[in-house]
1. Please go through region 492-582 and write out the trypsin sites (Lys or Arg not before Pro) that DSSP classes as loop and that have at most 14 other C-beta atoms within 10 Å.
2. Please work out the ratio of the alpha-carbon Rg of the chain to 2.2 N^0.38 Å and round it to two decimals.
3. Per residue of region 12-20, in order, report the coupling 6.51 cos²θ - 1.76 cosθ + 1.60 (Karplus, θ = phi - 60°) as ³J(HN,Hα) in whole Hz, putting x for Gly and Pro.
4. Using only Cα atoms and rounding to the nearest 10 degrees, what angle (0 to 90) does helix 193-209 make with the longest principal axis of the chain?
5. How much net charge surrounds P636 when only the other residues with a Cβ under 10 Å from the Cβ of P636 are counted, with Lys and Arg +1 and Asp and Glu -1?
6. Quick one: helix 530-555 against the long Cα principal axis of the chain, what's the angle to the nearest 10°, folded into 0 to 90?
7. Quick check: convex hull over the Cα atoms of region 89-251, volume per residue in Å³, rounded to an integer?
8. I'd like the accessible area for V156: 1.4 Å probe, protein heavy atoms, all chains in place, Å² to the nearest 10.
Amino acid sequence: MGDFYETFCGAAERTARLLEIALTSREDSTGEYPMAGIPIDNAESYIEELLEAGYRVAVADQVEEPGETSGVVERAVTRVITPGTLTEDELLAGDDNNFVAAIARDDERLGLALLDVSTGDFYATSATAAESVADEVSRFDPSEAVVGPDASADPVPDDCMVTPFDARAFDRERAGETLAAYFRNPDALLAGDAEIRACGALLAYAEYVRGGEHEGERGDTDEERVTAVLEGDADQHLEYITQLTRYDPREYLLLDAVALRSLELFEPRTVHGRDDATLVGVLDETASALGGRTLRDWLRRPLLDPVRIEARHDAVAELKSAVQRREQLHDRLREVYDLERLIGRISRERANARDLCSLRETLAVVPEIRDLLADADCERLRDLHEALDPLVDVRELIADAIVDEPPIEITEGGIIATGYDDDLDDLRGTARDGKQWIDDLEERERERTGIDSLKVGHNSVHGYYIEVTNPNLESVPDNYQRRQTLKNSERFVTPELKDREDEIVGAQQRADEREYELFCEIRREVAAEVERVQRLADAIATLDALVSLATVAAQYDYCRPEILEHDGRDGLVIDIDGGRHPVVERTQESFVPNDAHLTSDRRLAVITGPNMSGKSTYMRQVAQIVLLAQVGSFVPARAARLTPVERVFTRVGASDDIAGGRSTFMVEMDELATILREADERSLVLLDEVGRGTSTADGMAIAQAITEHLYDEVGATTLFATHHHPLTELTADLAAAFTLHFEVDQDDGEVVFHHEIAPGAATGSYGVEVATAAGVPDPVVDRSRELVADAAEADRETDATSAVDSSGEPGSEPTESATGDTTADGGDVPTDVAAELRALDLGHLTPVEALTELDRLKRLLEE
Ligand code: ADP
């Protein structure tokens, strides 16, 4: 209404509170109800707030001119704005995709479709297990998931909005039809009904939310919009969705949600972490939004195929050594606009003339970029050289048709260049001549009337006028008609001036209309080239990502990893000399490089060392180096030889977690269960202080059992960090297991960390020393020392006793019976006594109570 979008009733109350706008009321025959108005001028920022608060927004506009009807002006829902389907640049991060997902189920599979409505990036996959779909969802991190009646929202993380959508959209046949409007043979493109239903439903949803200038004429309610889309009545086709990438998760290195987080791919591990303290942060030197998104996609889906990996390495190597060319490329790429979103807007008929100019400017730098690749050696760069089509026809069309600096508005003229259209030039000529006539009028009338102070002016109410001051009024000629009386003057018009004015206004109006018509025509012509523009965008994006990797490699002294082919079903080879943690090394003044040598003969490393000595940094750096190599990047190391890893699992001790809801121990066990179920001999597993959420004995037992299982049954390459010393003994019985440790020195009671890894187990845990270094008060530290000494003494005594025991009875090693309970003389312990002994809570017995208990148990035995 007027300058406001109005919300009513419950929506009014909520928006008023949330957006801090005034809550008023409205009255009609049904009574009084709440109302709140959102200023149209500022609507986008209010809409943004609503989205952030987890709402979807439907915008209803007037779809008739108020003058055209009597009674209430017709309104219709013209736009639906949801977090996953944003296209407004202001609401989107440039260098990241914004995906909406759809999930559908058939008998055995769960299908997943992912679409970025702003760019047209479209993916599909499926899996039998909900967990695998959940892993894919966490890779793409959609902000919204559309679900049908039969697919639960299970695989969707909490921060993703779940939108139930019309069941009809998920219908197999209808989904097939929706898809067929976009792709030639969807059945061949996709694998199975679940994928088809997910993709079809997602396209229907994208059509439903689509905003366009040609729609909203049906007086639609939200529901009618859905139906119109599903019945194929609405012209909502999204021309720029031209490609659907169907992939199998097994073609890429799989990182489960936990690994994504703990390896800091996209988000810092700690709440207070700096934003650039992520893998993407250290790797992203891209110049354009296009390249930024591609780099993120590569990180999301690291490759497995050595040929594809090496193709990227070849390109990075070439760009790394060609310093000058690389820098020139980077500079040119900075001038590239977000072609994908531009062509998306053009295709949705949402683009203005400035968007077309941005396209023109981008196309103008393409030949320069292309030239810089003219002597490229490696195949990847040569292919890109080929693919960089400067779209000369499109550029010339825009250059010929659109002025250099057009206004934002597309209906008010000033857009189309002179010489492009004869009709337009004529209209403009008429307007110009008329204006010239008026410009000359003042001079002419002064001469004719002899009034030197006569003026010709213009205002918005009366249009053009001739102004004469009061003393000269008697010299006014007959054909002057009085229009307005001011204090010191009168304003007049003449019939001729009026005619001229009408002519100017008419010509201008028709010129504006003609310009808008021409603009829409040109925009449609450009939109018809959507596939070529997208291919060009792909090539630029890839090049930018490669240049970025090369820049990082050069700047931070990364080396090219050697990629080894897998040899049969043997395990992994991870051979790193002088490896560094790519993220930590950036935040640290100096970083100590460390080696890692893992093969199928050395596939379980138990790493010990005090807290803060560098265990978890070491483990994560191994995984990150592997990951970077498979992304196509060089790696922070002196040298690296690697077989592609198929899956990376990480489990970091519960104490570091801020998981809500379930107990952290439950979360940990749950994640471990997943690892045990899903890992195999081409998996890299990082276990950092597992089993901390329960008693020490329990925790150590669980940690040991898990490690043994991973070793024996799974065959995964495992790095296992613990500060529980006894766990290093576990390696003694396992041929392919070994120990590593971090050395620390004590200097005058203070611990000195060297962060240098060495073979063997650590000698102590240095907990007390770390406490000192951390500033725990002296008396507490001293008391801790005493207790540690006592415990060590107690250990020695037990060791001594057992030594005496076994030597006291040579040849009769204590054997364990099937039940495991034996007395010193070999007789069975009655089960009730054993049970009571086990149940004794030694920690809470006083010495006297303990003696009494012992006495009682002894009597029981004697009975
Ligand atoms: P742990 O897992 O043994 O408790 P971390 O791996 O968390 O120890 O390391 C503690 C800190 O030590 C890190 O935050 C980092 O600042 C520093 N550090 C770790 N490894 C190195 C290294 N190789 N070179 C320099 N500093 C390191």
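1. Answer in residue order: R569.
2. Against the empirical 2.2 N^0.38 Å value, I get 1.30 for the chain.
3. Per residue, the Karplus-derived 3J(HN,Hα) values read 5, 4, 5, 5, 4, 5, 5, 9, 6 Hz.
4. Between helix and principal axis, roughly 40 degrees.
5. It works out to a net charge of +1.
6. Helix 530-555 sits at roughly 50 degrees to that axis.
7. Spread over its residues, the Cα hull of region 89-251 gives 118 Å³ apiece.
8. About 20 Å², rounded to the nearest 10.
The values are calculated or read from the model by the stated rules, or taken from the named source; none is laboratory data. Quick caveat, the model's predicted, so the values are computed rather than measured. Neighbour counts are summed over all protein chains in view; Cβ atoms, including those assigned to glycine, are modelled from backbone coordinates with ideal geometry. The accessibility values were calculated without ligands, DNA or RNA, using every heavy atom of the protein model including side chains. Shrake-Rupley method; radii C 1.70, N 1.55, O 1.52, S 1.80 Å.
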